[in-house]
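Read the structure below first, then the notes.
Coordinate-derived values only; no laboratory data. Keep in mind the model is a prediction, meaning the values are calculated, not measured. Every residue, glycine as well, gets a Cβ built from its backbone with ideal geometry; the counts of neighbours run over all protein chains shown.
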Amino acid sequence: MKNIFLILMLITSFLSQAQIVDIKNLDSQSDLPSGSYIKDINGDFDKFVGTWVWVDAGKSVTFKLQKITRYLDSEYNNYSDFMIGDYSYSSNGRVIVNTISQNSDPNPDLHPMYSCCPYETQIMFSFKDVRLRKDECRAFFEFLPGSTTQMKLTLKNNEGPRGTLVPEGGSLDITQSNPSFIIPNDIILTKQ
């Protein structure tokens with residue numbers, strides 16, 4: 001009986017330390033007790049989830065945005081909800097870049113886009129231009145006024161121009177600074 005009581009006390013102690021925190025109210029993940037859950041309580045990510053497409057004059061861009069729930073962050077030993085994204089860009093039938101795959105692993109390090117907090121009509125992702133090898137960029141998706149099916153995409157460099165453009169068949173020894181992105185910028189995407 002004493003062992004059962006001790007086990008119940010340990011379980012109660014552990015559960016009382018864990019917290020559920022809304023993604024919009026998070027100040028610092030490191031301040032949370034182990035086992036906490038940073039949750040999309042109100043489903044704020046949901047309106048951004050899906051396949052978003054832009055097509056114009058033989059060019060097409062597709063974004064696949066996914067919500068991940070209750071993912072264990074081993075660094076902080078907490079769970080969290082967040083979004084990941086992948087994209088493709090084709091021009092005149094030729095694939096320029098495609099990160100959309102059958103990879104079902106929710107690990108954000110395996111995807112070029114990550115977001116931990118949406119706003120009312122906008123979400124900002126950390127963005128990697130994999131073709132230009134630019135890792136520290138931002139992708140802003142903002143709904144057009146009154147729309148739930150169209151968003152404007154704006155790509156930005158974090159701290160000015162970064163990355164290198166490696167010519168096809170070239171090497172990293174022959175590089176150019178590139179302030180833009182491999183995919184078109186400032187485009188209107190439509191939900192499919």
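Here are the numbers for the structure shown:
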item	result
Net lengthening on full extension, S180/D31 (0.36 nm per residue, minus Cα-Cα)	49.9 nm
Whole-Hz couplings from phi, Karplus 6.51/-1.76/1.60, listed for the stretch 64-70; x for Gly and Pro	10, 9, 10, 9, 10, 10, 6
FRET efficiency estimate (nearest 0.05) - Cβ-Cβ, R94 to S147, R0 25 angstrom	0.20
Karplus-derived 3J(HN,Hα), 6.51/-1.76/1.60, for each residue of the stretch 88-101, Hz, glycine and proline x	9, 9, 10, 9, 6, x, 9, 6, 8, 8, 8, 9, 6, 9
Burial ordering of R131, R70, R94, fewest other beta-carbon atoms within 10 Å first	R94, R70, R131
Sequence-separation-based contact order of the stretch 45-191, relative, with Cα cut under 8 Å and 6+ spacing, percent	18
Gain on full stretching of the segment that runs from I41 to T69 - 0.36 nm per residue minus C-alpha separation	9.0 nm
Additional length obtainable on full extension of the chain from T121 to V55, 0.36 nm per residue less Cα span	21.5 nm
Pairs beyond 22 Å (Cα-Cα), from K67/K152; K134/K191; K64/K134; K24/K134; K67/K191	K134/K191; K24/K134
Cα gyration tensor, the stretch 45-191 - rounded (a/c under 1.5), prolate or oblate	oblate
